[in-house]
Amino acid sequence: MTRHHPDSLSLMEYSAGNLSEPHALCIRLHLDQCPHCRSRVDTLNSLGAIMMEHQPKVTLSDNSFDQLMARIDGDEGGPAPVMPEPRVSPLQKLLGNDINDLPWKRQLADVSVLDITDRFPGQNERVVLQKLVAGGKAPAHTHRGNETTLVLQGAFADQNGVFNQWDFVVLNEQDEHRPVAVGCDDCITLSVLSAPLKLTGRFTRLLNPFLR
Amino acid sequence: MTTREQQPAKTEGRKDPWGVLLENVGKHQDRAAYHALFEHFAPQIKYYAISNGLASHAEELVQEVFVSIWRRSCLYDWRKAAASTWIFTIARNQRIDMLRKMQRTSAEIAVETEDLWQIPGDNENEPVTSLHRLMSERRIRESLSLLPEEQITVIAKVYMEHKSHQMVADELNIPLGTVKSRVRLALNKLKVILQDQNV
């Protein structure tokens, strides 16, 4: 059961479609496991629909419906209906079946990282997977800018509580913590780091939330 | 708690008319229903495209949204979303998709738009919560007219102009904290915040 949820403002930006791709992914993966937040997003989507309805309307060109029908009746029988598909998690599509079996790079005795920023071309953020071995401790550290983290596997604990699978947490420079992986699984997190350009040169060792 | 037998009968009467049309498109490829949906929603979506900075692609976006509506209408479930909400999320996704395609240089898109921004009801097997949904929609409709103009302005910029809270603050020349507090006040009135406190 997840205990730590995105705040309403983030969900609103998600509903409006204004988040960066990595941030949207964190919210989406949380939503998949959290009926409570799905219900909040449904409400916000309704707000979006009602906002759209309250705005001015713009007349379409005379032939636009005919054009549309021509496309629907197109030579290959038109666009195929979308069929309900077996559910494949976006995470699985992105990282394969086993997130434990990735080319992890060990940084410290207990900490490994994998930078997946290149999977999100054109996004101005750093996207990092981190693994803290079961029972392992990360050194005390603070954060630079805002860092959004979603727990993908296992759990970690710090002075703010226990963060379980699918929990969502945003940390910033005020948050100094010393996370410990709890439970019997390695703790794996997905983190999105707002990365001001001036910092990029130093980022190699500035990886959050376990390190820094 | 209402008994399960009563619920469908109670909510059936509250099906919105656009939802009925959408179901007819999904079940029977009903073209008259499709045309009625187009007449109602296409001018809204065209404005949505223009306000989102896609003026030169506005008709194209409307076309993409309606092709998507045609293809997906068989998945539409009125119990999970009002037609207007469902169509809004399709318009939003198509807008995102169009921008992604325009900005894409050479790299493959690793994650599809639909994997990032969900359409309500897709891939969901949870118990139907139609009553709750209908109530929250009605609440938004009723409360929205009670919100002060400055709160509506901020929400409109977020939803219609694809602006982050920070960008809204810059544009209106007010602190980010003020934007956030206006949004929070509005969401509070709309009872989205109240749902936060129930966590």
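Would a scan of the range B:134-145 turn up a residue that is modelled with pLDDT under 95, among the charged types (D, E, K, R), part of a loop (DSSP other than H, G, I, E, B) and surrounded by fewer than 17 Cβ atoms within 10 Å (Cβ to Cβ)? No. Filtering the range B:36-78 to residues that are polar (S, T, N, Q), over 18 Å from B:ALA156 (Cβ atoms) and either more than 10 Å from chain A (Cβ to nearest Cβ) or in contact (Cβ under 8 Å) with a residue 60 or more places away in the chain (or both) leaves only B:SER56.
Is there a residue in the range A:135-158 that is in contact with a strand residue (DSSP E or B) (Cβ under 9 Å, 6 or more places away or on another chain), free of Cβ contacts under 8 Å to residues at least 40 places away in the same chain and of a type in the set (Asp, Glu)? Yes; the residues of the range A:135-158 include at least one that is in contact with a strand residue (DSSP E or B) (Cβ under 9 Å, 6 or more places away or on another chain), free of Cβ contacts under 8 Å to residues at least 40 places away in the same chain and of a type in the set (Asp, Glu). Scanning the range A:11-46 for residues that are touching a helix residue (DSSP H, G or I) at 6+ places or on another chain (Cβ under 7 Å) and within 16 Å of A:THR149 (Cα to Cα) returns A:LEU11, A:TYR14, A:LEU19, A:GLU21, A:ALA24, A:LEU25, A:ILE27, A:ARG28, A:LEU29, A:HIS30, A:LEU31.
Flag not set for A:LEU44, criterion: more than 24 Å from B:TRP18 (Cβ to Cβ) and either in a helix (DSSP H, G or I) or not assigned by TED's automatic domain parsing to the domain that holds A:LYS131 (or both).
A quick yes/no check of all residues on (1) under 16 Å from A:ARG126 (Cα atoms); (2) surrounded by fewer than 18 Cβ atoms within 10 Å (Cβ to Cβ); (3) in the same structural domain as A:CYS26 (by TED's automatic domain parsing); (4) more than 17 Å from the chain's Cα centre (by Cα):
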{"residue": "A:GLY136", "(1), (2), (3), (4)": "no, no, no, yes"}
{"residue": "A:HIS141", "(1), (2), (3), (4)": "no, no, no, yes"}
{"residue": "A:LEU150", "(1), (2), (3), (4)": "yes, no, no, no"}
{"residue": "A:PHE163", "(1), (2), (3), (4)": "no, no, no, no"}
{"residue": "A:ASP167", "(1), (2), (3), (4)": "no, no, no, no"}
{"residue": "A:GLN174", "(1), (2), (3), (4)": "no, yes, no, yes"}
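Residues of the range A:103-129 that are under 30 Å from A:ASN18 (Cα atoms) and either within 14 Å of the chain's Cα centre (by Cα) or of a type in the set (D, E, K, R) (or both): A:ASP115, A:ILE116, A:THR117, A:ASP118, A:ARG119, A:PHE120, A:GLN123, A:GLU125, A:ARG126, A:VAL127, A:VAL128, A:LEU129.
Each row is one residue, and each column tells you yes or no for (1) out of contact with any Cys (no Cβ under 6 Å at 6 or more places or on another chain); (2) among the β-branched types (Val, Ile, Thr); (3) in a helix (DSSP H, G or I).
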site: A:PRO22; (1), (2), (3): yes, no, yes
site: A:CYS37; (1), (2), (3): yes, no, yes
site: A:VAL58; (1), (2), (3): yes, yes, no
site: A:SER61; (1), (2), (3): yes, no, no
site: A:ASP66; (1), (2), (3): yes, no, yes
site: A:LEU94; (1), (2), (3): yes, no, yes
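Within the range A:34-43, being within 7 Å of another protein chain (Cβ to nearest Cβ) and not polar (S, T, N, Q) holds for A:PRO35, A:HIS36, A:ARG40, A:ASP42.
Conditions (1) within 9 Å of chain B (Cβ to nearest Cβ); (2) under 14 Å from the mean Cα position of the chain (by Cα); (3) buried (at least 24 other Cβ atoms within 10 Å of the Cβ), marked per residue:
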{"position": "A:PRO6", "(1), (2), (3)": "no, yes, yes"}
{"position": "A:MET12", "(1), (2), (3)": "yes, no, yes"}
{"position": "A:SER20", "(1), (2), (3)": "no, yes, no"}
{"position": "A:LEU29", "(1), (2), (3)": "no, yes, no"}
{"position": "A:ASP32", "(1), (2), (3)": "yes, yes, no"}
{"position": "A:ASN45", "(1), (2), (3)": "yes, no, yes"}
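The values are calculated or read from the model by the stated rules, or taken from the named source; none is laboratory data. Being a predicted model, the structure only gives us computed values, none of them experimental. In this analysis, Cβ positions are derived from the backbone assuming ideal geometry, glycine residues included, and neighbour counts consider all displayed protein chains.
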